[in-house]
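These notes concern the structure reproduced below.
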């Protein structure tokens, strides 16, 4: 089997994992954060676990990217920069910003996330530099690139704003969960997840790649059930939780 044949097989695996994640997380709420509960085996400190499971998306992505034959070209470098801006923040900065009583995270969750991030990082880095589309300078004025970049940047800003709002809220409430308010929080319970889904849809469109598409599909499959679980938790926990809010998409879901 050639590497290209293996790559295509792994793309199919990635799409299949998205389907499995959607049905699994819809049936069983992942046991970390506010949904933490016993019975899921050994645990580790949340900061350490978070850094371990997200770091492959920085380290492995960078190593695979730099080894690719198109690593010195403008568009692959641009898309790699977008990817790394997100994941350096997520892997190494966000754990330091965590506040409140941090519940341990199951080792099984960390291991499964590491496995997916290894696969996803390889697919996207190798796609950008070897097996995906070849971009010319005309891509700068292509509607797919322009629209995708708008979605990526907009989703990134929403995601960062929402995460920062939640961190400030927990700090203000002494580390306890409270009802977030303002901006998109007035319409949906999880604008952070909404922003992340929009962001990776934008990446898939801007790169016009199957690897980007597989990640966008997986992100939605993983975060939609998680957002619904968060929304239900808010309603159970806070009797005065605003009834007009939906989980993820204003007025729809």
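All of the numbers you see were taken from the coordinates with simple rules; none came from a lab. In this text, all values refer to a predicted model and were calculated from it rather than measured experimentally. Positions of Cβ are backbone-derived with ideal geometry, glycine not excepted, and every protein chain shown enters the neighbour counts.
For the pair residue 4/residue 85, report the inter-label distance in nm, with labels modelled 7 Å from Cα in the Cβ direction.
It is 3.3 nm.
Tilt of helix 191-207 relative to the longest C-alpha principal axis of the chain, in degrees (0 to 90, nearest 10)?
That works out to roughly 10 degrees.
Need one word for segment 89-140: rounded, prolate or oblate. Basis is the Cα gyration tensor (sqrt eigenvalues a ≥ b ≥ c); a/c below 1.5 gives rounded, then a/b vs b/c decides.
Oblate shape, in that a/c is at least 1.5 and b/c is the bigger or equal ratio.
Note down the nm distance, to one decimal, between modelled labels 7 Å out along Cα→Cβ at residue 48 and at residue 179.
In this crude spin-label approximation the distance works out to 3.8 nm.
Peptides 30-38, 10-18: what's the order by average Cβ count within 10 Å, highest mean first?
The densest-packed peptide leads the list: 10-18, 30-38.
If one takes the longest principal axis of the Cα atoms in the chain, at what angle in degrees, from 0 to 90 and to the nearest 10, does the Cα axis of helix 143-172 lie?
30 degrees
Quote the FRET efficiency, to the nearest 0.05, computed for residue 142 versus residue 240 with a Förster distance R0 of 41 Å and r equal to the Cβ-Cβ distance.
For residue 142 and residue 240, the calculated efficiency is 0.25.
Over what distance in Å are the Cα centres of segment 1-75 and segment 178-253 separated?
Using only Cα atoms, the two centres lie 19 Å from each other.
Between 0 and 90 degrees, rounded to the nearest ten: what's the tilt of helix 107-126 against the longest Cα principal axis of the chain?
Result, in degrees: 30.
Compute the Rg to Rh ratio over the chain from the alpha carbon atoms, using the Kirkwood formula for Rh, and round to two decimal places.
0.97
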